[in-house]
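Working notes for the structure below.
We did not get these values from a lab; they are worked out from the coordinates using the rules stated. This one's a predicted model, so the numbers in the text were calculated from it and none came from an experiment. In this analysis, Cβ positions are derived from the backbone assuming ideal geometry, glycine residues included, and neighbour counts consider all displayed protein chains.
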Amino acid sequence: MPAIPSNKPFRVGRSRTGLGLFATKPIKKGAKIVRYFGPLLDSKKKKDDAIENKYLFELNNRWTIDGSVRKNVARYINHACKPNAESDVRPRKRKVVIRAIKNIEPGDEINYDYGTDYFKAYLKPIGCKCDACEKKRKKKRAEARVERLRLKEKAERKALKQAEKLASAKAGTRKLNGAKATAKPTVRQSAKAGAKANGHASM
């Protein structure tokens, strides 16, 4: 990691995505934080146009800054979908400055939006790991857990109702069978039984 003068309001440190740039002093909204610099590449030159790395910062259709040099501390600033800084691009001066768009407190990671092209090429395939996206994923996971629990409880309630219904039906069947087994004879049956007992059964 490059040596950073103590008067600078930032340091390089470990972040969720590897290395990142962190504030060591309060940085006010609108303040210049650091310049993004490196050799200028001319797209009209084949050798320049052939250079590929993750630190290329395109100024316009012709000029690009190769920010891969170690002295370019700004290369450690990570992408964020809801950043606290922005890139102030000045194509005519062939210059890029990173400025704060919010008040940044000591310990906060400095970040800016890398833009749609970079996001699609490098971040979307692996999933953006910025705080905003991490919060969205955590929220979705929490909602999915709640939904799974809701469905599980619903299934358990349904199974319990079915079991109670089945038990009630079985109890009703047993009661009905018991009633049939102990049923009293009718008046007509009683009369016939009495006639037989007195020897007056009709022929």
List the residues, sorted by chain then number, that are 5 or more residues from T64 or on another chain and whose placed amide H is less than 5 Å from its amide H. L41, S43, L59
Nearest 10 degrees is fine. How inclined is helix 131-181 to the longest principal axis of the chain, computing both from alpha carbons? 0
Candidate cut points under trypsin sites (Lys or Arg not before Pro) in region 68-173, DSSP loop plus at most 11 other Cβ atoms within 10 Å of their own Cβ, are R70, K71, R92, K93
Expressed in whole Å with the largest first, what are the equivalent ellipsoid semi-axes of region 130-181 derived from the C-alpha gyration tensor as the square root of 5 times each eigenvalue? 50, 4, 4
State the antiparallel share, in %, of DSSP beta bridges confined to region 1-136, rounding to the nearest 5. 95
Distance (nanometres) between label positions extended 7 Å along Cα→Cβ at K139 and T17: 2.0
In whole Hz, with x marking every Gly and Pro, tabulate ³J(HN,Hα) for region 112-125 from phi via Karplus 6.51 cos²θ - 1.76 cosθ + 1.60, θ = phi - 60°. 8, 7, 6, x, 4, 4, 5, 4, 5, 6, 10, 9, 4, x
Along region 14-31, what does the Karplus equation 6.51 cos²θ - 1.76 cosθ + 1.60 (θ = phi - 60°) give for ³J(HN,Hα), rounded to whole Hz, x for Gly and Pro? 6, 10, 4, 9, x, 9, x, 10, 10, 6, 10, 9, x, 10, 7, 4, x, 6
Theoretical FRET efficiency, 1/(1+(r/R0)^6), r = Cβ-Cβ of K29 and R94, R0 25 Å, to 0.05: 0.45
Share of Cα-Cα pairs in region 10-127 lying beyond 21 Å, as whole percent: 38
The cysteines in the chain that find no other cysteine Cβ closer than 4.7 Å to their own Cβ are C81, C130
Write down Rg/Rh for the chain, rounded to two decimals, with Rg from the C-alpha atoms and Rh from the Kirkwood relation over Cα pairs. 1.72
In degrees rounded to 10, the 0-90 angle between helix 187-198 Cα long axis and the longest Cα principal axis of the chain is 40
